[in-house]
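Enquirer: Got a structure here, written out as structure tokens. Questions coming.
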Amino acid sequence: FKALSDPVRLRLLNLIASRPEGEACVCDLTGPFDLTAPTISHHLKVLRQAGLIEGERRGTWVYYRPVPDQLARLSGLFAIPVPA
């Protein structure tokens, strides 16, 4: 929860998870924010350390994708039980 307590990180996770390709290049993640690239990298590092995303370097860019098990686990915490 601490990793997602920052609105920038929550928005980054949403941007990555909502991509039709299932992943996002760091080059596509800096534009929507009024932050420097090092600041975005810091937020991505926090999300990686929390196990919510993973990254893969391809040439000079890093591509990030969500960790599906972790997202499912998170969404389960917010599920409202349906009465039987």
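Enquirer: Given contacts defined as C-alpha pairs under 8 Å and at least six residues apart, what's the relative contact order of the chain, whole-number percent? If you can, show how the numbers build up before the last one.
Expert: Numbers: 74 pairs, mean separation 25.1, N = 84.
Worked out over the chain, it gives 30 percent.
Enquirer: Might you tell me the accessible area per residue for the chain, computed with a 1.4 Å probe and given in Å²? List each step's numbers first, then the result.
Expert: Details: 5650 Å² over 84 residues.
Counting only protein heavy atoms, the per-residue value for the chain is 67 Å².
Enquirer: In addition: Label the chain by shape, choosing from rounded, prolate and oblate, from the square roots a ≥ b ≥ c of the eigenvalues of the Cα gyration tensor; if a/c is under 1.5 it is rounded, and otherwise prolate applies when a/b is larger than b/c, oblate when it is not. Each step should come with its number before you reach the end.
Expert: Details: a/c = 2.22, a/b = 1.78, b/c = 1.25.
The shape class here is prolate.
Enquirer: How large is ³J(HN,Hα) for each residue in region 18-30, as worked out from phi by the Karplus curve 6.51 cos²θ - 1.76 cosθ + 1.60 (θ = phi - 60°), to whole Hz, x for Gly and Pro?
Expert: Working through the residues one at a time gives 8, 5, x, 6, x, 7, 9, 6, 4, 5, 8, 9, 7 Hz.
Enquirer: Taking K and R as +1 and D and E as -1, what net charge do the other residues with C-beta under 13 Å from the C-beta of G55 add up to?
Expert: +2
Enquirer: Also, I was wondering about something else. On a 0 to 90 degree scale, rounded to 10, what angle separates helix 7-17 from the longest Cα axis of the chain?
Expert: Here the helix axis deviates by roughly 90 degrees.
Enquirer: Next up: Which of L74, A37, F1 sits closest to the plus end of the dipole of the chain, meaning its Cα is farthest towards the positive end, when Lys and Arg get +1 and Asp and Glu get -1 on the C-beta?
Expert: Farthest along the dipole direction, towards plus: F1.
Enquirer: Next question. Which value in nm describes the separation of the simple spin-label points at C27 and D6, placed 7 Å from the Cα toward the beta carbon?
Expert: Output for this residue pair reads 2.4 nm.
Enquirer: Which ³J(HN,Hα) values in Hz, rounded to whole numbers, follow from the phi angles of region 36-42 under the Karplus curve 6.51 cos²θ - 1.76 cosθ + 1.60, where θ = phi - 60° and Gly and Pro get x?
Expert: My calculation for region 36-42 gives 6, 4, x, 5, 4, 4, 4 Hz in order.
Enquirer: Excluding K2 itself, calculate the net charge of residues whose Cβ lies under 15 Å from the Cβ of K2, where each Lys or Arg counts +1 and each Asp or Glu counts -1. Please report the intermediate quantities before stating the final value.
Expert: Numbers: positive: R9, K45, R48; negative: D6.
Its environment carries a net charge of +2.
Enquirer: Follow-up question, since we're still on this one. Give me the dipole magnitude in Debye, nearest 20, for the chain about the Cα centre, with unit charges on the beta carbon: positive for Lys and Arg, negative for Asp and Glu.
Expert: Rounded to the nearest 20 debye, it is 180 debye.
Enquirer: Can you list the HN-Hα couplings for region 77-84, worked out from phi with the Karplus curve (6.51, -1.76, 1.60; θ = phi - 60°), rounded to whole Hz and with x for Gly and Pro?
Expert: 5, 9, 5, 8, x, 8, x, 7
The values are calculated or read from the model by the stated rules, or taken from the named source; none is laboratory data. This structure is a prediction, so every number in the text was calculated from the model and none was measured. Cβ atoms come from the backbone with ideal geometry, glycine included; neighbour counts cover every protein chain shown. Ligands, DNA and RNA are stripped out before the accessible areas are found, and what is left, the full protein with its side chains, is counted by its heavy atoms. Shrake-Rupley method; radii C 1.70, N 1.55, O 1.52, S 1.80 Å.
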